Each structure stands twice: as structure tokens, then as C-alpha cells.
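**Q** Following this message is one structure expressed as C-alpha cells.
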Amino acid sequence: MALFGAESLVRQRLVPNITQSRECVAKIVRLDYILTRNISHLQGAHRMSPAHITGTDEHIEIRKIFCVGLNYSEHVKEMKAALPQAPVFFLKPATAVIGDGGTTIRPDISRELHHEVEMTVLIGAGGRNIAREAAFKHVAGYGVGLDMTLRDIQGDAKKRGLPWTLSKGFDTSAPISKFVQATTISNPHDLEIALAVNGMQRQHASTGNLIFKVDYLIWYLSQFFTLERGDILFTGTPEGVAATVPGDRLEARLISPGSGVLASLGIRIQ
Ligand code: MG
């Protein structure tokens, strides 16, 4: 009888506590998973390194990242857009940068992560209201980058007339290569950019096909912004943009028709 009473007491008092404890432990495990995941996202995004110029010890802190949309006519056609009368600019935060060997992480809210290979320009000397004729003196180097884009989020923003910030500036959306010294490039509009996904070529174009050239973009931008050493310009993507899937390996290159590969960049998609 005494034993029965003790068992009843255990059931009444301890079992609810054990159940609550189990629920509590489950919540802690879930919270730990969320925190760990978010911290690893942040660590990935903040592994941002300075810009490197090949062949020098220079490590330049990255400042503003300007990107140009719709700057190759074939890409304008594939996006079913009108040819722009003036450059279309948007910004990415410096925290979006990852380097060679990095991973672009698609936020769970998106289902469509596109690649856009682009020539990148590193500003070496700052200025404002820079004359077009003097623009190249402000360039420290040229490289290749990927303007990773959440196309579904961008499409929704376009429909509603909203900014592209979320679709273009998310963490890890700006993989960049090292930069080749500008002084070694006689004509940045006589180069090629190329992108392969899992070894298959997806994009390839001459920078000679840029609608708005590098010197024009620098002149145009500097009327609105004070350009600073460490600013980076993504000059726009050619045709062939397409979706990626987790596990894809992307290899981007900046090529000189005369001297071969000048800069390269490899990333994975997660
Ligand atoms: Mg782009």
C-alpha cells in the first residue's frame, strides 16, 4: 500500500517534471542548432579579406562595391529589358565579399540563385568629379567577380518597383578574384571573361562589348559618390546567366587574348 502510494506520488509530481525537462532540452537543442547555424553564416560572410593585387604585398581594405546592371546588349535581351540610356547602378555591402575557394550560401527564403560573371575594377586612387580622360589613373587593378543574384527575389522586387538590395547584397553574394595590376593592362576593353559550372562553359564574352566602358562608369559614378581607394566596381554580366544548385563548382576567369589567364576565381554553392 505504501509502495503504491509512493508510485502514485512519483507519477503525480515527477513525471510532469520529466516531460517538461524533455521539452526544455529539445528547445535548447533547437536553439543551439539555430545559433550555431547563424554564427557559421556570419563567420563565412565576415571572412571577408582585403583586396589583393597579384605580384605585390598590397592588401587594400574593401570599401564600397558598385555594380552595373544591363551593360551587355545580349544580356539586356535575355532579361527582356530595354537598352539603358544611362548606367544602372546598385550597391553590395563589403561584407558580401568572399575570395577564391569560398562558398556562396543561398538564403533559405530563395529558390533561384543565378551566376553573373563580370570584370571587376579596383579603385586605387580616390576622387570626385573625375574626368573621363583621367579615369584610368584611378584604377589599381582588374579582376573577375561573380554578382550572385537571387533571381526570384529580384523578380518580385522588379514587379513591385522595389530596390534590389536583398537579391544582390546578401552575405557571400560577391565572390572576387585577386586583381592584376592596372599598369600591366594596356586596354581593359580587350579582355575576356568566362565562367564554367562543373567544368561546362556557361558564359564567355569580350569586355569590348561593354555598353558603358570603364572610364565612362568611373566618370559617371564620381559625380554622385566620392570614390575611395578600395572601392570595387562590378562592370556587368554578358548573356548566359543561369541557375545554380547546391554542390555546383563555379570557375571564373579574366583572360587576355595575348597573355592567357590574368585572374581566376573558384567557388562552391551551398
Ligand atoms: Mg550583375
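**Q** Out of segment 228-239, which residues are under 24 Å from residue 208 (Cβ atoms) and away from the ligand (no atom under 16 Å from the Cβ)? Spell out the reasoning first.
**A** Keep residues of segment 228-239 that are under 24 Å from residue 208 (Cβ atoms), which gives 231-239.
Hit for segment 228-239 is 231, nothing else.
**Q** Quick one: is residue 128 away from the ligand (no atom under 13 Å from the Cβ), among the charged types (D, E, K, R), touching a residue at least 60 places away in the same chain (Cβ under 8 Å) and within 18 Å of residue 175 (Cβ to Cβ)?
**A** Considered against the rule, which asks whether it is away from the ligand (no atom under 13 Å from the Cβ), among the charged types (D, E, K, R), touching a residue at least 60 places away in the same chain (Cβ under 8 Å) and within 18 Å of residue 175 (Cβ to Cβ), residue 128 comes out as no.
**Q** Is at least one residue of segment 209-225 surrounded by 14 or more Cβ atoms within 10 Å (Cβ to Cβ), touching a Gly at 6+ places or on another chain (Cβ under 6 Å) and not polar (S, T, N, Q)?
**A** Within segment 209-225 (the criterion being surrounded by 14 or more Cβ atoms within 10 Å (Cβ to Cβ), touching a Gly at 6+ places or on another chain (Cβ under 6 Å) and not polar (S, T, N, Q)), the answer is no, since none of the residues qualifies.
**Q** Could you count how many residues in segment 168-208 are surrounded by fewer than 16 Cβ atoms within 10 Å (Cβ to Cβ) and among the aliphatic types (A, V, I, L, M)? Before you say what the answer is, go through the steps one by one.
**A** Of all residues in segment 168-208, those surrounded by fewer than 16 Cβ atoms within 10 Å (Cβ to Cβ) come to 183-184, 186-187, 189-190, 198-201, 206, 208.
Checking which are among the aliphatic types (A, V, I, L, M) leaves us with 200.
Counting residues in segment 168-208 that are surrounded by fewer than 16 Cβ atoms within 10 Å (Cβ to Cβ) and among the aliphatic types (A, V, I, L, M) gives 1.
**Q** Give the residue that is modelled with the highest pLDDT, with candidates limited to residues of segment 41-52 that are in contact with a helix residue (DSSP H, G or I) (Cβ under 9 Å, 6 or more places away or on another chain) and crowded, with 16+ Cβ neighbours inside 10 Å.
**A** Filtering segment 41-52 for residues that are in contact with a helix residue (DSSP H, G or I) (Cβ under 9 Å, 6 or more places away or on another chain) and crowded, with 16+ Cβ neighbours inside 10 Å, the one modelled with the highest pLDDT comes out as 48.
**Q** Within segment 180-218, which residues are assigned to a strand (DSSP E or B) and of a type in the set (Val, Ile, Thr)?
**A** Passing the criteria: 180, 193, 197.
**Q** Sort out which residues of segment 65-118 are within 16 Å of the ligand (Cβ to nearest atom) and of a type in the set (Asp, Glu), and write them in order of number.
**A** Of everything in segment 65-118, those that are within 16 Å of the ligand (Cβ to nearest atom) and of a type in the set (Asp, Glu) turn out to be 74, 78, 112, 116, 118.
**Q** Considering only segment 246-270, how many residues are more than 29 Å from residue 190 (Cβ to Cβ) and not basic (Lys, Arg)?
**A** 5
**Q** Which of (1) surrounded by fewer than 18 Cβ atoms within 10 Å (Cβ to Cβ); (2) among the aliphatic types (A, V, I, L, M); (3) within 23 Å of residue 50 (Cβ to Cβ); (4) within 16 Å of the ligand (Cβ to nearest atom) is the odd one out, the single condition residue 242 does not satisfy?
**A** (3)
**Q** Which of (1) modelled with pLDDT of 90 or more; (2) among the hydrophobic types (A, V, I, L, M, F, W, C); (3) exposed (fewer than 15 other Cβ atoms within 10 Å of the Cβ); (4) away from the ligand (no atom under 16 Å from the Cβ) is the odd one out, the single condition residue 62 does not satisfy?
**A** (3)
**Q** Can you tell me which residue among 131, 157, 86, 140 is crowded, with 18+ Cβ neighbours inside 10 Å and touching a Phe, Trp or Tyr at 6+ places or on another chain (Cβ under 8 Å)?
**A** Among 131, 157, 86, 140, only 140 is crowded, with 18+ Cβ neighbours inside 10 Å and touching a Phe, Trp or Tyr at 6+ places or on another chain (Cβ under 8 Å).
The values are calculated or read from the model by the stated rules, or taken from the named source; none is laboratory data. This one's a predicted model, so the numbers in the text were calculated from it and none came from an experiment. We place every Cβ from the backbone using ideal geometry, glycine too, and count neighbours over all the protein chains shown.
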